[in-house]
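Heads up: the structure comes next, in structure tokens.
The values are calculated or read from the model by the stated rules, or taken from the named source; none is laboratory data. On a predicted model such as this, the values are computed, not experimentally measured, just so you know. A quick note on method: Cβ atoms are made from the backbone with ideal geometry, for glycine too, and the neighbour counts reach across all protein chains shown. Calculation scope for accessible area: heavy atoms of the full protein, side chains included, ligands and nucleic acids excluded. Shrake-Rupley method; radii C 1.70, N 1.55, O 1.52, S 1.80 Å.
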Amino acid sequence: VQLQAFGGGLVQYGRSLRLSCVASGTDFSRNRMGWYRQAPGKRRELVAAITSDGVTNYADSVQGRFTISRNKQRNAVYLHMNSLTPEDTAVYYCNVKPLASWGEDFWGRGTQVTVSS
């Protein structure tokens, strides 16, 4: 199983960026998928998640600015980020939750997002 995330980069304050994550090796259409991020010196935190039914939830800090979506046919999840601020600077990780409660999460390698002021 592999999660490949891409789309990060350096962007100016107030601009937008789109992250993509494509999974391979297994069908994740029934799994919850999401994005986490970790800034230097901080703990990894949930940014946004989406269930197989399309129910979404967001961190308060990104509510109204970020939108998560998925494409089951492509086994992919996306994060559209608008109105970026330097506080959004972090490594963003793609995540897939296991179907069973005893299972382990699947993680991508992460993609760096840097927002300049």
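Find which of Gln63, Ser29, Asn95 sits farthest along the positive direction of the dipole of the chain, computed with +1 on the beta-carbon of Lys and Arg, -1 on that of Asp and Glu, about the Cα centre.
The residue sitting most towards the positive pole is Ser29.
Which log10 I(q)/I(0) values does the chain give at q = 0.10, 0.18 Å⁻¹ under the Debye formula, counting every alpha carbon as one identical point scatterer?
Log-scaled intensity ratios, in q order: -0.27, -0.86.
Could you give the accessible area per residue of the chain, probe 1.4 Å, as a whole number in Å²?
Per-residue accessible area for the chain comes out at 57 Å².
Antiparallel versus total DSSP beta bridges in the chain: what percent is that, nearest 5?
Antiparallel bridges: around 90 percent, rounded to the nearest 5.
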